[in-house]
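Presented below is the structure to which this report refers.
All of the numbers you see were taken from the coordinates with simple rules; none came from a lab. Remember, predicted model here, so these are calculated numbers, not experimental data. Counting neighbours? That spans all protein chains shown, and the Cβs are built from the backbone with ideal geometry, glycine included.
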Amino acid sequence: MQDNLNTKALARAHFSAVRASISEQERADKSNKICARIATMKEFLNCDLLLAYYPIKSEASVLPLVKLALELGKPVAMPISIKESYSLDFRIISSLDDLKLGAYSIPEPDACAPRTAPTEKSLCIVPALAFDINGNRLGYGKGFYDRFLSEFKGCSIGITFSELLSDSLPFDENDITIHTVVTDKIIQKV
């Protein structure tokens, strides 16, 4: 187990450096390409609920897709991070203006916003530092999304920049794979 933690720490350092080398303009352009790809996928077009995140640490931005979903009248939810249990509580938003700084200084919905009831037709866009072609994700080490995805019955799509898609990543028994990875260059079904 300790070897895997060391391997993940090395991978995090590597992929953090790679992501930091991508300029702000490139990140914006690549994020727009990623969102445009997802906007054409049946998983998005047919979803009954979009679960998304607010990008941090120069992550790929899903915000253009959130705006599109809201324009189309699709229900959209974003997570509240619960530090004590390392869990996520997704709440419905009607606008990105509904968000305020929450745990870890990440914009989140208000705790009074309606809770979600994801179904098998729901779509969750999952962040990470990096993904591999087998649907493994390298997060930041707290397991927030692994806990959520272990109970989620809908479709999960991981988004990242093409430079952060690997042939393989270190993983362990608590890591939950996602169904599809979308980059600015490809859609990789798992």
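Mind jotting down the distance between the C-alpha centroids of segment 32-110 and segment 156-190, whole Å?
When both Cα centres are located, 18 Å separates them.
Quick one: putting +1 on the C-beta of Lys and Arg, -1 on the C-beta of Asp and Glu, what dipole do you get for the chain around its Cα centre, in Debye to the nearest 20?
240 debye
To make sure I understand the rule: partners must be lysines, Cα under 23 Å from the Cα of Lys57, and not fewer than 8 residues away in the same chain. Which ones qualify?
Within the straight-line cut-off, Lys57 pairs with Lys8, Lys30, Lys33, Lys67, Lys83, Lys100, Lys142, Lys185.
Could you pull the Rg and Dmax for the chain, using just the Cα atoms, both in Å?
Over the chain's Cα set, Rg and Dmax evaluate to 15.6, 47 Å.
In segment 1-74, what trypsin sites (Lys or Arg not before Pro) fall in a loop by DSSP, with at most 11 other Cβ atoms inside 10 Å?
Working: sites: Lys8, Arg12, Arg19, Arg27, Lys30, Lys33, Arg37, Lys42, Lys57, Lys67; in loops: Lys57.
Taking segment 1-74 and a limit of 11 other Cβ atoms within 10 Å, the loop trypsin sites (Lys or Arg not before Pro) found are Lys57.
Sorting Cys155, Cys35, Cys124 on the 10 Å Cβ count, fewest up front, what's the list?
On the way: Cys155 20, Cys35 23, Cys124 26.
Going from least to most buried by this count: Cys155, Cys35, Cys124.
Distance in nm between label sites at Glu24 and Ser58, each 7 Å beyond Cα in the beta-carbon direction?
A separation of 1.2 nm, rounded to one decimal place.
Quick check: convex hull of the Cα atoms in segment 106-166, volume per residue, rounded to a whole Å³? Provide the component values of the computation, followed by the final result.
Working: hull volume 6.9 nm³, N = 61.
Spread over its residues, the Cα hull of segment 106-166 gives 113 Å³ apiece.
For the chain, give the share of DSSP beta bridges that are antiparallel, in percent and rounded to the nearest 5; count only bridges with both residues there.
On the way: 15 of 28 bridges.
Antiparallel bridges make up about 55 percent of those DSSP assigns within the chain.
How about segment 71-142: which trypsin sites (Lys or Arg not before Pro) there lie in a loop by DSSP and see at most 13 other Cβ atoms within 10 Å?
On the way: sites: Lys83, Arg91, Lys100, Arg115, Lys121, Arg137, Lys142; in loops: Lys83, Lys121, Lys142.
Passing both the DSSP loop test and the Cβ count: Lys83, Lys121, Lys142.
Taking θ = phi - 60°, what integer Hz values does the Karplus form 6.51 cos²θ - 1.76 cosθ + 1.60 yield along segment 146-158, in sequence order, with x for Gly and Pro?
4, 4, 5, 5, 5, 10, 6, 9, x, 9, 10, 10, x
If you plug each phi of segment 24-34 into the Karplus form 6.51 cos²θ - 1.76 cosθ + 1.60 with θ = phi - 60°, what whole-Hz ³J(HN,Hα) values come out, in order, with x for Gly and Pro?
4, 5, 4, 4, 5, 4, 5, 4, 4, 5, 4
What is the chain's relative contact order, in percent, from Cα pairs under 8 angstrom and six or more apart in sequence? List each step's numbers first, then the result.
Details: 382 pairs, mean separation 43.2, N = 190.
Relative CO of the chain lands at 23 percent.
Would you kindly state the longest site-free stretch of the chain, with sites defined as GluC sites (Glu not before Pro) in a DSSP loop (not H, G, I, E, B) surrounded by at most 16 other Cβ atoms within 10 Å? Walk me through the intermediate numbers first.
Working: sites that count: Glu84, Glu120, Glu151, Glu173.
With a cap of 16 other Cβ atoms within 10 Å, the longest stretch comes to 1-83.
Which far-off residues, 5 or more places away or on another chain, put their amide H under 5 Å from the one on Ser61, with H placed in the peptide plane?
The list, which skips near neighbours in sequence, is Ser31.
Between Thr7 and Leu70, take the C-beta separation as r, use R0 = 41 Å, and let me know the FRET efficiency to the nearest 0.05. Write out the running numbers ahead of the final one.
Details: r = 40 Å, r/R0 = 0.97.
Step by step, r from the Cβ atoms, then E = 0.55.
May I ask you to list the chymotrypsin sites (Phe, Trp or Tyr not before Pro) in segment 76-177 that are in a DSSP loop and have at most 15 other Cβ atoms within 10 Å of their Cβ? Can you show the working numbers first?
Values: sites: Tyr86, Phe90, Tyr104, Phe131, Tyr140, Phe144, Tyr145, Phe148, Phe152, Phe161, Phe171; in loops: Tyr86, Tyr140, Phe152, Phe161, Phe171.
Sites meeting the loop and neighbour criteria: Tyr86, Tyr140.
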